[in-house]
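Visitor: The following block contains the structure, expressed as structure tokens.
Where a number appears in this text, it was derived from the coordinates with a stated rule and is not lab data. On a predicted model such as this, the values are computed, not experimentally measured, just so you know. So basically every Cβ, Gly included, is an ideal-geometry build from the backbone, and we count neighbours across all protein chains shown.
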Amino acid sequence: MRTINHFIGGRSVTGGDRIVPVYDPSVGQIQAEVALGRADLLARAVDDARAAQPAWAALNPQRRARVMFRLKELIERDMDELAHLLSREHGKVVADSRGDIQRGLDVVEFACGIPHLLKGEYSEGAGPGIDVYSMRQPLGVVAGITPFNFPAMIPLWMLAPAIACGNAFILKPSERDPSVPVRLAELAIEAGLPAGILNVVHGDKEMVDAILDHPEIKAVSFVGSSDIANYVYGRGAAAGKRVQCMGGAKNHGIVLPDADLDQAVADIIGAAYGSAGERCMALPVVTPVGESTAALLREKLVSEIARLRVGTATNPDAHYGPVVSAEHKARVEAYIAMAAAEGAEIVVDGRGFELQGHEEGYYLAPTLIDHVTADMRSYQDEIFGPVLQILRAETLEEAIGYPSRHQYGNGVAIFTRNGDYAQRFASQVEVGMVGINVPIPVPVAYHSFGGWKRSGFGDLDQYGMDGIRFYTRGKKITKRWPSGGAVVDQSFVIPTMR
Ligand code: NAD
């Protein structure tokens, strides 16, 4: 049985007495195991990180950027291997795994610009003989805790800016698909990153608590479900750390009567069922405005769903693969049953699907549910599976209200040809990331990613300039050089520049 080790101080490290299996969701079998570490292992990683960080931070930023350039090249070199490794543990199809890696690679590319990104500001003559300038300095040792659903992209969102800024980084990836994060750390060493600057420790709640309690970890970035995000935010902040936590989601796609319906349907199908719906920017709710839009949309969705192919992660013809685990499959099925019990109409039922030859895999066929209402728990909760719910609205205002009042506020999309409606929607909707005829509006690497309400805790988003701010502290310097003239009088009044 393959064992997935920790990666500390530039080396593969064993440790941890709680061994858990890592499954291949396509076949429903154990393919590897990982040992979950505790506080002692974390302490070792923090010691190595602390020892290495000052010299790394002291390198000029151009030299740190060169390591990022090289890391980008190595990830591109190994793209195929990484994508297959990712698909085997996660279950998403290989083409989608490439996208997962590429989205993380975009942030590595962004971090290649670190000399420019770290430049401060300078004001000459802010007062008599006084100049003011600012600089950004790394925090020291920082940590990231990541979910199962993007095992390349989300670790790279965090580690690329953190390291480029001059920090040492400790990554605690999901224990469900931990191999790719370890490979990324190995590639970083090959790229020339000094040992100790990037460490990977495996674990569950115990390791997370150890990270939150360790006094030498100055900042924690978390992405995962909302209850845990809230917990991590509270415990980390109480310990005096800088914390950013991204949580769950329930993104709505609003379809106006004037939308290009065929294009909207193609977009919605891909965003709802791609990656088996296991994306925080998936589109699990569609809100047609007006009865005739709803009827037409439903008809087109049903016919497109009939063409979807579910298959193993390595089947190039499959649109999507299995969900991540048997427990998660059961949870999604329970939500479909709940929706029916709550009075919604199960138009297409994906339960009970078995993939021929892979009956043990965790597959679900696509599900479509109509006549969903806002008081249903199956609507209020995140399902995180290949399930699309139709929540009908009569007016644009009503359609803006649903995502605005929802507990989550990650992403939302509107499909329309009307610029005025789209603009009104984008300005009024209480959601952090808005797509206009774009179903999955994940901002590019040089903007920042983050949702509102229970989708995001903390005030700085992931990557972009927020990422640089999160992993650095701003220092402001006010300076005056003695001119050799008369002594400036003592003053017992707060200095002003007047
Ligand atoms: P999860 O919350 O179960 O796990 C996330 C991380 O927390 C993992 O590293 C896990 O080991 C750790 N963890 C698990 N239980 C814990 C506990 N009790 N205490 C402390 N730490 C614990 O999430 P998941 O199932 O891996 O990922 C799916 C979730 O992540 C979904 O809710 C999805 O919407 C969300 N997500 C959000 C974003 C975003 O940017 N908003 C992006 C991707 C995923």
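Visitor: Once the piece of chain linking Ala195 and Glu109 is laid out straight, how much longer is it, given 0.36 nm per residue of separation minus the C-alpha distance between them?
Guide: 28.8 nm
Visitor: Right, here's the next one. Using θ = phi - 60° and the Karplus curve 6.51 cos²θ - 1.76 cosθ + 1.60, what whole-Hz ³J(HN,Hα) does each residue of region 146-151 get, with Gly and Pro shown as x?
Guide: 10, x, 6, 7, 9, x
Visitor: Exactly which trypsin sites (Lys or Arg not before Pro) in region 61-156 are in a DSSP loop and have at most 15 other Cβ atoms within 10 Å?
Guide: Filter output for region 61-156: Lys119.
Visitor: Same structure again: In the structure displayed, which of Lys172/Lys241; Lys172/Lys250; Lys119/Lys475; Lys119/Lys476; Lys92/Lys329; Lys218/Lys479 lie more than 19 Å apart, Cα to Cα?
Guide: Lys172/Lys250; Lys218/Lys479
Visitor: Which whole DSSP H helices in the chain pass both tests: a Cα extent of 20 Å or more along the axis and a mean Kyte-Doolittle value no lower than -0.5?
Guide: On the way: long enough: 39-58 (29 Å, 0.13); 61-77 (24 Å, -0.92); 94-111 (26 Å, -0.04); 291-305 (21 Å, 0.17); 326-341 (22 Å, 0.21).
Helices passing the filter in the chain: 39-58, 94-111, 291-305, 326-341.
Visitor: Relative to the Cα centre, what is the charge dipole magnitude of region 252-436, using +1 at the beta carbon of each Lys and Arg, -1 at the beta carbon of each Asp and Glu, and rounding to the nearest 20 debye?
Guide: Around 240 debye, computed over region 252-436.
Visitor: Label Ala55 and Ile19 with points 7 Å out from Cα along Cα→Cβ: what is the distance between them in nm?
Guide: 3.6
Visitor: Then there's this: Can you give the FRET efficiency for Met465 and Phe492, using 1/(1 + (r/R0)^6), R0 = 45 Å, r = Cβ-Cβ distance, to the nearest 0.05?
Guide: The pair Met465/Phe492 has a calculated efficiency of 0.65.
Visitor: Turning to a different aspect of this structure: Return, for the Cα atoms of region 252-436, the radius of gyration and Dmax in Å, separated by a comma.
Guide: 15.9, 52
Visitor: Still on this structure, I have one more. Just add up the charged neighbours of Phe470: K/R +1, D/E -1, any other residue whose Cβ is under 12 Å from the Cβ of Phe470. Display every interim value, and only then the final one.
Guide: On the way: positive: Arg136, Lys218, Lys241, Arg242, Arg469, Arg473; negative: Asp459, Asp461, Asp466.
So the surrounding residues net to +3.
Visitor: Name the residues whose placed amide hydrogens come within less than 5 Å of the amide hydrogen of Ile254, ignoring near sequence neighbours (fewer than 5 apart) on the same chain.
Guide: Correct list: Thr287, Ala413, Ile414, Phe415.
Visitor: Give the separation of the Cα centroids, region 289-315 to region 185-242, in Å.
Guide: A separation of 40 Å, based on Cα centres.
Visitor: Can you put Thr314, Thr416, Thr395 in order, fewest other beta carbons within 10 Å first?
Guide: Thr395, Thr314, Thr416
Visitor: So if we plug the beta-carbon distance of Met79 and Gln407 into 1/(1 + (r/R0)^6) with R0 = 25 Å, what FRET efficiency do we get, rounded to 0.05?
Guide: Calculated transfer efficiency: 0.10.
Visitor: Now for a separate question. Among Cys280, Gly484, Gln62, pick out the residue whose Cα is farthest towards the positive end of the charge dipole of the chain, where Lys and Arg carry +1 and Asp and Glu carry -1 on C-beta, about the Cα centre.
Guide: Checked the options; the winner is Gly484.
Visitor: Given Cβ point charges of +1 (Lys, Arg) and -1 (Asp, Glu) and nothing else, what value in debye, to the nearest 20, does the dipole of the chain about its Cα centre take?
Guide: Roughly 2100 debye for the chain.
Visitor: Something else: Computed FRET efficiency, Cβ-Cβ of Ala337 and Lys119, R0 60 Å: what is it to the nearest 0.05?
Guide: 0.60
Visitor: Here is a further query. Compare the Cα positions of Met135, Val27, Gly224 along the charge dipole of the chain (+1 at Cβ of Lys, Arg; -1 at Cβ of Asp, Glu; about the Cα centre) and return the one farthest towards the positive end.
Guide: Going by the Cα projections, it comes out as Met135.
Visitor: Filter the GluC sites (Glu not before Pro) in region 52-124 down to the DSSP loop ones having no more than 12 other Cβ atoms within 10 Å, then list what survives.
Guide: Glu121
Visitor: Another question, then. Taking amide H atoms as placed 1.01 Å from N in the peptide plane, list the residues 5 or more away in sequence, or in a different chain, whose amide H sits under 5 Å from that of Leu364.
Guide: The list, which skips near neighbours in sequence, is Val323.
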